[in-house]
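> Just passing along the structure, written as structure tokens.
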There are 2 protein chains.
Amino acid sequence: MFLSPLVTELVEALRVLPGVGPKSAQRMALHLLERNRGGGRKLAEVLARAMDNVRECRQCQTLSETEVCGICASRSRDRSLLCVVENPVDQLAIESSGSFRGVYFVLKGHLSPLDGIGPRELGIPALLERVRGGEVRELILATNPTVEGEATAHYLREALRDQPAIAVSRIAHGVPMGGELEFVDGNTLAHALAGRKALG
Amino acid sequence: MFLSPLVTELVEALRVLPGVGPKSAQRMALHLLERNRGGGRKLAEVLARAMDNVRECRQCQTLSETEVCGICASRSRDRSLLCVVENPVDQLAIESSGSFRGVYFVLKGHLSPLDGIGPRELGIPALLERVRGGEVRELILATNPTVEGEATAHYLREALRDQPAIAVSRIAHGVPMGGELEFVDGNTLAHALAGRKALG
């Protein structure tokens, strides 16, 4: 490696970014140094500020630099409808669909006992306390349709058996809109058949 | 966009990186915030330091935080052999091949009169002065085999017509090693044929 020590250090540092290998890191470093020092400086400044100031929303655990995030603080959201997701990316996906006007609770992942991740690590006690508080009417479980996501959803469903007044639902699994049956996997098709709805 | 203002700002700032679109920027921001704050802080620090301290080697114009880069300062390099490349990435490619023990001169791109990039912008006066200084015995033109790269090489060749003592060469163009003729484009094949060498 002939690059100067500082440039080499920059290439190494850029590799913390997901999906960035040695070649891309090199290209990024040289691009910033040769063509966009202003952008590079700005990135350094915002990055330092974000790493130090972004924390978790006190109510829903999503990433936020304010104590309560924008969604939790909004007066136009239906606070009786609580959607549980695994992480901020999933929350963003649902929010981007524009089809949900309730509020969220962002677990910090899914239950994974072998990795030492139990209900406490995900913030589930706070979630249950909130649900039992009386404001929530329906809890929508939108964890991922993976083994761990399903187990997490199952755990939450069971934990709320003592609250018959609260409806607990799971997002529907089936054939994606715009997809073709030909290319949908068997497991998804099985769910789509089992979850069929009567047409009026 | 529902992400908090600071997270949104970070996603935007990450887009200065080449090849990073809105989706990847989002993934990078959330990855750093959720899983690697230490790496993010380190990146911010190195980035700020590199943007402020990396400048050009006084002798060869490559990126360097010292006044003279490691290669120009090295005593083990053959200073009579000067290889001209378009940018630090190309220099890195040649250096990585491990087949060159001379020194470099890094132009800042190629001649492009329509964009207002002439010899002065590339640092060519300094290059010519250095070549005429007497230390250089051979100048290897390793600009890219593009229209602009060829034009830049041609310009340098003509500019040194008054120095018969200095050998001016161009890197060979032809079929890449390990490649198959079947997949090599016609232009490259034409160069490979025209540049054929007699076997002993």
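The values are calculated or read from the model by the stated rules, or taken from the named source; none is laboratory data. As the structure is a computational prediction, the values presented were derived from the model and not from experiment. Using ideal geometry, Cβ is built from the backbone for each residue, glycine included, and neighbour counts are taken over all protein chains shown. For the accessible areas, the whole protein counts, side chains as well, though only heavy atoms, and no ligand, DNA or RNA atoms are used. Shrake-Rupley method; radii C 1.70, N 1.55, O 1.52, S 1.80 Å.
> Out of all DSSP beta bridges in the protein assembly as shown, what portion is antiparallel? Express it as a percent rounded to 5.
On the way: 6 of 32 bridges.
Bridges in the protein assembly as shown are about 20 percent antiparallel.
> Follow-up. For chain A, which whole percent of the accessible surface, found with a 1.4 angstrom probe, sits on carbon and sulfur atoms?
Reported share for carbon and sulfur atoms: 54 percent.
> Greater than 25 Å separation of Cα atoms is the criterion. Which listed pairs, A:108/B:23; B:42/B:108; A:42/B:42, meet it?
Numbers: A:108/B:23 21 Å; B:42/B:108 29 Å; A:42/B:42 15 Å.
Beyond 25 Å between Cα atoms: B:42/B:108.
> Given a Förster radius of 45 Å and the C-beta distance between residue B:52 and residue B:177 as r, what FRET efficiency does 1/(1 + (r/R0)^6) yield to the nearest 0.05? Provide the component values of the computation, followed by the final result.
Numbers: r = 41 Å, r/R0 = 0.91.
Efficiency at R0 = 45 Å is approximately 0.65.
> When Rg is the radius of gyration of the Cα atoms in the protein assembly as shown and Rh is its Kirkwood radius, what does Rg/Rh come to? Can you show the working numbers first?
On the way: Rg = 29.7 Å, Rh = 26.0 Å.
In the protein assembly as shown, Rg relative to Rh is 1.14.
> Same structure again: Given a Förster distance of 56 angstrom, what is the FRET efficiency for residue A:196 paired with residue B:192, based on the Cβ-Cβ distance and rounded to 0.05?
Efficiency, rounded to the nearest 0.05: 0.30.
> Highest first, please rank the peptides B:74-80, B:11-17, A:92-98, A:120-126 by the mean number of other Cβ atoms sitting within 10 Å of their residues.
Descending mean neighbour count gives B:11-17, A:120-126, A:92-98, B:74-80.
> In addition: With only Lys, Arg, Asp and Glu charged, each at its Cβ (+1 for the first two, -1 for the last two), find how big the charge dipole of the range A:76-198 is about the Cα centre; round to the nearest 20 debye.
540
> Calculate, in nm to one decimal, what residue A:158 and residue A:76 gain on full extension: separation in residues at 0.36 nm each, minus their alpha carbon distance.
Working: separation 82, 0.36 × 82 = 29.52 nm, distance 3.06 nm.
In short, 26.5 nm is gained.
> Sticking with this one: Mind checking A:5-13 for the average number of partner chain beta-carbons within 10 Å of each residue's beta-carbon?
6
> Quick one: of the DSSP bridges fully inside chain A, what percent are antiparallel, nearest 5?
Values: 3 of 16 bridges.
Close to 20 percent.
> Computed from the mean reciprocal separation of all distinct C-alpha pairs, what Kirkwood hydrodynamic radius does chain B have, in Å?
This gives a value of 20.2 Å.
> Mind checking the mean number of beta-carbon atoms from other chains within 10 Å of the Cβ atoms in A:32-44?
Mean inter-chain Cβ contacts per residue within 10 Å come to 6.
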